[in-house]
Amino acid sequence: MLCSPFLRHSPIDEWGNKDGAFLLHQDVSVPLTRRSALLTAAGWPLLVAAGRKNATIDLDGRRISIDYDALTLGTARFGRTLAPFGKVWRFGEEAPRITVNAYTLTVLFELLPGSYSLFAIPHPDHWTLIPSTATSGRVYNPSKDVGRFDVPVKTLPAPIRQLTFTLTRQVSNVARLNISIDQALVSTDLKVL
């Protein structure tokens, strides 16, 4: 369901898989495959999807794991074409899945052991992160929100073309979650109990 005459879908995978839908923002869905590209009418890649990635950290037996779609920006502009500011964004074909095996504190609330989908509402100066109990990360349902918290955006000196989630140990029971794409970097600490 292509919504713009200026964009076209072009599969570039060897599997011929045509399943899935990539969410540019909550209102526009464009079908993508496991490894495919969204192209402008001129043929320049706007966005390339290349499967799932994982970021995991073990904090003395307490584990935090995040599975997410590996997106690479072509000519897409973050905050405009990709994830327009002020709209819910699911980070790819499916929202990242955060799994924790211990009670985990975020800035404002506690996550019980289990799995959560992660959504965001990007703004130029901050992102609102939204952990959700939704079992499907393809559709955002506000009634499944665990809570919402704002995280300031740091501007990177050079663009990061691939969406990246990293977890780094701060102290024995605290991990820093960094999310970066284009020139935006958001960071928040996760404390396991």
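We did not get these values from a lab; they are worked out from the coordinates using the rules stated. It should be emphasised that the depicted structure is a prediction, and the values quoted were computed from it without experimental measurement. Here the Cβ positions follow ideal geometry from the backbone for every residue, glycine too, while neighbour counts run over all protein chains shown.
Structural remarks
- Ala158-Leu193 pseudo-label distance in nm [points 7 Å out on the Cα-to-Cβ vector]: 4.3
- In terms of its C-alpha gyration tensor, the range 117-192 comes out oblate, because a/c is 1.5 or above while a/b does not outweigh b/c.
- Compared with the direct C-alpha span, the chain from Ser136 to Thr72 gains 20.8 nm at full extension, assuming 0.36 nm per residue.
- Amide hydrogen neighbours beyond the local backbone of Ala184, cut-off 5 Å, H modeled: Leu156, Ile160
- The simple spin-label model puts a point 7 Å past each Cα toward its Cβ; for Glu110 and Thr56 those points are separated by 2.6 nm.
- Ranked packing of 131-143, 153-165, most packed first, by mean Cβ within 10 Å: 131-143, 153-165
- Zone of Gln183's modelled label, taken as backbone nitrogen in the range 133-162 under 18 Å from a point 7 Å along Cα→Cβ: 152-162
- For the range 108-122, backbone phi angles converted through the Karplus equation (6.51, -1.76, 1.60; θ = phi - 60°) give residue-by-residue couplings of 10, 8, 9, 9, 6, x, x, 10, 9, 8, 10, 10, 8, 10, x Hz, Gly and Pro being listed as x.
- Rounded to whole Hz, the Karplus (6.51, -1.76, 1.60) HN-Hα couplings of the range 182-190, x for glycine and proline: 6, 10, 9, 10, 10, 9, 8, 9, 10
- Nonlocal amide H pairs with Phe149, under 5 Å, H built at 1.01 Å: Leu129
- Label-to-label distance, nm, for residues given as Tyr103 and Phe85 (7 Å Cα→Cβ offset): 3.9
- Proximity of backbone amide H atoms, modeled 1.01 Å from N, is registered between Leu59 and Ile64 at under 5 Å, excluding neighbours fewer than 5 places apart on the same chain.
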